[in-house]
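No lab work stands behind these numbers, since they all come straight from the coordinates. If you're wondering where the values come from, they're calculated on a predicted model, not measured in any experiment. We place every Cβ from the backbone using ideal geometry, glycine too, and count neighbours over all the protein chains shown.
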Amino acid sequence: MSKIKTLRPSLKTVLKTSTVAGLAAVLLTSGLPAEISQTFAEAVKTEAPAVPSFANVVDAVSPAVVSVRVQSRANTSDDEAGNFSFDFGGRGFEDLPDDHPLKRFFREFGGPRGDGGDDRADRRRGPRAEGRLRPRAQGSGFFITEDGYLVTNNHVVSDGSAFTVILNDGTELDAKLVGKDSRTDLAVLKVDDQRKFTYVTFADDSRVRVGDWVVAVGNPFGLGGTVTAGIVSARGRDIGSGPYDDYLQVDAAVNRGNSGGPTFNLSGEVVGINTAILAPAGGNVGIAFAIPASVAKDVVDDLMRDGTVSRGWLGVQIQPVNKDIADSLGLSEASGALVVEPQAGSPGEKAGIKKGDVVTALNGEPIKDPRDLARKVAALRPGSSAELTLWRDGKSQSVKLEIGNLPSDTSDATQPKDEQSEQQGPTASDEALAALGVTVTPSEDGTGVTIASVDPDSDAGDRGLKEGEKIVSVNNQDVKSADDILKVINNAKKDGRTKALFQIETQEGSRFVALPIDQG
């Protein structure tokens, strides 16, 4: 009996065992107590850095930004050929590779017309109307007034016959062309509708600095409203598109279809209008160009008021003044605009401006280069008076003139052209110009001398002179022979000049080149 009693646990032992088991069960079912769980690591979490968000800007300006769809009249032969205006990254359907999935699909199940690729469906549908509207381009734009005036690029609407504006909510509205300007690549459309449109204003871009944040809104590749952000990379870019190039360069992603769309500052003001990209691979590489607001505002105002742009006109062909040219003319610095040729009957010619003059100031404002002169003259009102400061014959002088009205786009300037004269063999007098790297022969028409040969290793060769080009003047003095050239050069040597200014004429126009002269 006592043996059995020793094997039986006491009540206290049973209670202790039950308590431990119960606690274990509770822990397994309900988790660790707070005191124990605090010993484990928490999930990683950091405070976000204070960076600007573009959301407020985008919310405010997006209703003012639109997509612009352009249609043009297709001729009958295009219709009958069944050419569809598919846009695959800028290519039409016929430009797609033969192994493209869409081409394989249409070959197997029918042409783009859905008729098996033949003309049976055409015969069933009957003759097509001539001059059918076909999609031609798609770009972007933005409202600048509540009553429906909007801005886009000229190259978006150029040659278009019908225009459709697509709002950010998908609403499609017809628009009419108010005016366009190819020189600045700007155009204005007008939507006639009873509603009041959300619109944006132009910024004071003189306050825009390299490094400022900007937001581009547009319709890249026809995707619809898209927003990208970046910074202003540079100001005053000349991309060779025209005499008024003064672009902002931005690194916000801009692609095909963004043309005509706005670039905003963080206040929601338009600092530029996207118009071009540098795209060696066909898409965005972070180099985009926008027309500055200051340029756009004046042009847009003119287009809204008159449908055309009125610009001042001087009527002279000009080129930059580099250091060599400055030295040859006795200028202290390489600035201003060198007159290559005044146009016959132009305000410049009437005022007595001559080839070889350097325009150094306009109405007292210094001229930095030809673009600077072109922009400042264009900003003057036609018929107004102006005073030009010229550098001529080693000294400064002033002329007054009445600013003309710049002719239409198709007649910007008359470039002097000459038929290429028949080459003749070099004469003995050419040998005297060997130090310059050229030999010359008199021109058949009696004006200037024709370059018979150019030493590629000479200064003339380095500066791009070519056989067949004409030298019409040296240091602004007309020349008709090698002897005339030598006479001018000798006079320049007596004046202590180390370079002579040659006027070179080709069928494309004239230019000035400064060549070093032998001091021996």
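How much length, in nm to one decimal, is gained on full extension between Ser206 and Lys480, taken as 0.36 nm per residue of separation minus their Cα-Cα distance?
Values: separation 274, 0.36 × 274 = 98.64 nm, distance 4.96 nm.
The Ser206-Lys480 span can extend by a further 93.7 nm.
Which FRET efficiency value, to the nearest 0.05, do you get for Gln507 and Thr171 by plugging their Cβ-Cβ distance into 1/(1 + (r/R0)^6) with R0 = 51 Å?
On the way: r = 53 Å, r/R0 = 1.04.
Here the calculated transfer efficiency is 0.45.
In this structure, the pairs whose alpha-carbon distance is over 20 Å, taken from Lys355/Lys493; Lys355/Lys470; Lys470/Lys494; Lys354/Lys493, are Lys355/Lys493; Lys470/Lys494; Lys354/Lys493. What FRET efficiency do you get for Ala43 and Leu278 if R0 is 51 Å and r is their Cβ-Cβ distance, rounded to the nearest 0.05? Efficiency, from the Cβ-Cβ distance: 0.70.
Taking all Cα pairs closer than 8 Å and separated by 6 or more residues, the relative contact order of segment 205-306 comes to 25 percent.
Among Phe143, Phe502, Phe264, Phe221, rank each residue by its count of other Cβ atoms within 10 Å, from fewest to most, as a rough exposure measure.
Neighbour counts put them in this order, fewest first: Phe221, Phe143, Phe502, Phe264.
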